[in-house]
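Structure first, then comments.
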2 protein chains.
Amino acid sequence: MDEQITVTKFEPVKKQGLIVVITGNGKGKTTSALGMALRGCGHEMKTTVVQFMKGDLYSGEWDGVRLLAPLVKLYHTGKGFCGIEGNPYPHPEHRRNAQEAIELAGEIIRSGDCDILILDEINNSLQLKLVDLEQVKEIIAIRPPRMHLILTGRDAHPDIICLADTVSEIREIKHAYRNDIEPQPGIDF
Amino acid sequence: MDEQITVTKFEPVKKQGLIVVITGNGKGKTTSALGMALRGCGHEMKTTVVQFMKGDLYSGEWDGVRLLAPLVKLYHTGKGFCGIEGNPYPHPEHRRNAQEAIELAGEIIRSGDCDILILDEINNSLQLKLVDLEQVKEIIAIRPPRMHLILTGRDAHPDIICLADTVSEIREIKHAYRNDIEPQPGIDF
């Protein structure tokens, strides 16, 4: 259908790294960040994803991103969501995991070895006191000026929203699980 | 960091196709749909993306999805956003393009040849009268029961929201372009 299309490439005069926050209670935050990793591949940009509080429950992106290697790398860390029903791990254990994850994020930033760094579920990790506000601010402060930083998760801190360039809030209007529909592969995990 | 993790795979008792609507004025709608395509790959699910009103301006996902072939296919159709400043094409031409795109969507659905069908920017195509409400309802009605259908774009029609299982509204809290920052590759296109 696009046989007559001549593709035009837009090039910004000034390339600069953006701080993007994706927050809110609706579905699509992690998914949207993954979409940026995929989009980045089209520009031959390297993306690293560090997932906080991910636990051991399989999520399709773990294998999906392998198809994008070596441009996209993903580290999943943690022991699932802290504080939700059924999660047996105490707060200090979640905090220890999140501290390892933010240390990893710092190493990645200092190495400068990616164009897009996604810190998935870092907003709620901060809200749950698994990482500290000063640590997240430090990550933002030391990032190379052309590296994009994507911070996802509900309950984004107002100070982080203030520091960000682009902030989207994803609101739940409806969710299938409220009609007792189980999570579905590809869509929910 | 995940050396001690034993991966658990959740399998829903009942697999069923969901209607997912991603709407709102914020950044992340198309990106979120692309993330589902990537996540689907981890489950070996096939995704087809039909982009409406896309035009000739290069977007990173066009090449990004090639890395996911043959699991993910993408068709970009149209001549850019209808009705926005600087778009020179008349409404009938946009409508003709969108009609071809929805016909293609119908063919894909009837062939049953994917697990996830993404109709990107179809919500605003409907709002702009490039496709008709009955046509979108027909797409929803004839879809095989296990095929997921993702409809993105701002201004989703209330009837479509009503038919959907999961609806997210992405609200713009901030956007870099309001501070005169140009669109950046990987993030904005």
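The values are calculated or read from the model by the stated rules, or taken from the named source; none is laboratory data. These numbers were taken from a predicted model, which means no experiment stands behind them. All Cβ positions, even for glycine, are placed from backbone atoms using ideal geometry, and neighbour counts span all protein chains on display. Surface areas here come from the heavy atoms of the whole protein model, side chains and all, with no ligands, DNA or RNA. Shrake-Rupley method; radii C 1.70, N 1.55, O 1.52, S 1.80 Å.
Of the listed requirements (1) open to solvent by less than 20 Å² (accessible area, probe 1.4 Å); (2) under 30 Å from A:ALA176 (Cβ atoms); (3) more than 7 Å from chain B (Cβ to nearest Cβ); (4) in a helix (DSSP H, G or I), A:LEU38 misses just one: (3).
In this structure, does B:ARG171 turn out to be assigned to a loop (DSSP other than H, G, I, E, B), within 18 Å of the chain's Cα centre (by Cα) and surrounded by fewer than 21 Cβ atoms within 10 Å (Cβ to Cβ)? So B:ARG171 does not fit the description; no.
For B:LEU57, the conditions (1) farther than 26 Å from B:ILE142 by Cα; (2) within 8 Å of chain A (Cβ to nearest Cβ); (3) touching a helix residue (DSSP H, G or I) at 6+ places or on another chain (Cβ under 9 Å); (4) open to solvent by 70 Å² or more (accessible area, probe 1.4 Å) are fulfilled apart from (3). One residue stands out among those in the stretch B:132-168 that are more than 17 Å from the chain's Cα centre (by Cα) and touching a residue at least 40 places away in the same chain (Cβ under 8 Å): the one that is nearest to A:THR47 (Cα to Cα), which is B:ARG146.
Residue selection: B:SER125 fails the criterion of being closer than 18 Å to B:ALA37 by Cα, among the small types (Gly, Ala, Ser) and either open to solvent by less than 10 Å² (accessible area, probe 1.4 Å) or touching a residue at least 40 places away in the same chain (Cβ under 8 Å) (or both). Screening the stretch A:60-77 for residues that are aliphatic (A, V, I, L, M) and open to solvent by 30 Å² or more (accessible area, probe 1.4 Å) and picking the one that is nearest to A:GLY112 (Cα to Cα) gives A:LEU71. Comparison of B:LEU126, B:LEU149 shows that the only residue that is in a helix (DSSP H, G or I) and within 30 Å of A:SER168 (Cα to Cα) is B:LEU126. Would you check if A:ASN97 is more than 7 Å from chain B (Cβ to nearest Cβ) and crowded, with 23+ Cβ neighbours inside 10 Å? Taking the combined requirement at face value, the residue satisfies it. Considering the conditions (1) touching a helix residue (DSSP H, G or I) at 6+ places or on another chain (Cβ under 8 Å); (2) surrounded by fewer than 22 Cβ atoms within 10 Å (Cβ to Cβ), A:LEU151 is excluded by exactly one of them, (2). If you filter the stretch B:41-53 down to residues that are at the interface with chain A (Cβ under 8 Å from one of its Cβ atoms) and either part of a loop (DSSP other than H, G, I, E, B) or aromatic (Phe, Trp, Tyr) (or both), you find that the one that is most open to solvent (accessible area, probe 1.4 Å) is B:HIS43. Please determine, by comparing only the residues of the stretch A:1-35 that are among the charged types (D, E, K, R) and at the interface with chain B (Cβ under 7 Å from one of its Cβ atoms), which one is surrounded by the most Cβ atoms within 10 Å (Cβ to Cβ). The selected residue is A:LYS27. Among all residues of the stretch B:79-86, there is none that is open to solvent by 10 Å² or more (accessible area, probe 1.4 Å), under 30 Å from A:LYS79 (Cα atoms) and of a type outside the set (Val, Ile, Thr). Scanning the stretch B:38-57 for residues that are modelled with pLDDT under 95 and farther than 12 Å from B:ALA101 by Cβ yields B:GLY55, B:ASP56, B:LEU57. Inside the stretch B:154-168, residues that are open to solvent by less than 40 Å² (accessible area, probe 1.4 Å) and either away from chain A (no Cβ under 13 Å) or not β-branched (Val, Ile, Thr) (or both) make up a count of 4.
Has the stretch B:153-165 got at least one residue that is assigned to a strand (DSSP E or B) and under 30 Å from A:ILE161 (Cα atoms)? No, the stretch B:153-165 contains no residue that is assigned to a strand (DSSP E or B) and under 30 Å from A:ILE161 (Cα atoms).
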